[in-house]
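For reference, the structure discussed in these notes is given below.
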Amino acid sequence: PPVQPELPTPSVTVSKTAGIDPAGETVTVTGTGFVAVPPATTGARPPLAGKFTGAYVAFGSFLEAWQPSAGAPASARKAIDTRWGVLAADMAIIGGANAGAIELSEDGSFSTTLTLTREDAAALEGGRWGVYTYPGGGAKYAPFETYTPITFAGAPDPEPTPEPTPPTTPP
């Protein structure tokens, strides 16, 4: 049988992840390994149905169980700033740069900027702020699902759980 080439493992780097200005700060997000793996990365809906759909690169508030490959609904993901990494030939099909298209190179790499803003009104209850990637166009492919946690400057630390006071017994 023919030997299958080993697929690269998708990975993401965010230029800054802690102490983000809650009023808004721009970070650079770079990724590698986001290559076509048909049929898993083939689009299920227009405009890229039947084609490699690349990956969304998003900042937002997502629930702990957010992954499309695990059946999580879109309501588990509240994106504040999103880009869609697709092959150069498909950028115009999804509306070009003005619609958030970024170029995903044939080798599976990309670089883009996202603006991170703490918009508590837009956060999901129980959601986690972060930079996320996942397959575009309805594809379901777990290796494209990444999460990079983000913390904002001045964000309060979670309240510590108080230690229970042992009952006192009278002398």
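Structural remarks
- Charged side chains reduced to their Cβ positions (Lys and Arg at +1, Asp and Glu at -1) give the stretch 57-150 a dipole of some 200 debye around its Cα centre.
- Charge dipole (debye, nearest 20) of the chain; +1 at Cβ of Lys and Arg, -1 at Cβ of Asp and Glu: 480
- Carbon/sulfur fraction of accessible area - the chain, other protein chains in place, 1.4 Å, %: 56
- Each label was represented as a point 7 Å from its Cα along the Cα-to-Cβ direction; for ALA89 and GLU106 these points are 1.0 nm apart.
- Spin-label model distance (nm) - ALA99 vs ALA18, 7 Å beyond Cα toward Cβ: 4.0
- Near ASP21, once Lys and Arg are set to +1 and Asp and Glu to -1 for all other residues with Cβ below 15 Å from its Cβ, the sum equals -2.
- Farthest positive-ward along the chain dipole, Cα basis, beta-carbon charges - from LEU116, VAL12, ALA92: ALA92
- Taking every DSSP beta bridge that has both ends in the chain, the antiparallel portion is near 85%.
- Projecting the Cα positions of LEU104, THR42, ILE80 onto the charge dipole of the chain (unit charges on Cβ atoms of Lys, Arg, Asp and Glu, taken about the Cα centre) puts THR42 furthest along the positive direction.
- Only lysines eight or more places from LYS51 in sequence, or on another chain, were considered; those with a Cα closer than 22 Å are LYS140.
- Summed over the residues of the chain and divided among them, the accessible surface reaches 56 Å² per residue at a probe radius of 1.4 Å.
- Spacing of the modelled spin labels on LEU7 and ALA65, each 7 Å from Cα toward Cβ, amounts to 2.4 nm.
The values are calculated or read from the model by the stated rules, or taken from the named source; none is laboratory data. In this text, all values refer to a predicted model and were calculated from it rather than measured experimentally. Backbone-built Cβ (ideal geometry, glycine too); neighbour counts: all protein chains shown. For accessibility, only protein heavy atoms count, side chains too; no ligands or nucleic acids. Shrake-Rupley method; radii C 1.70, N 1.55, O 1.52, S 1.80 Å.
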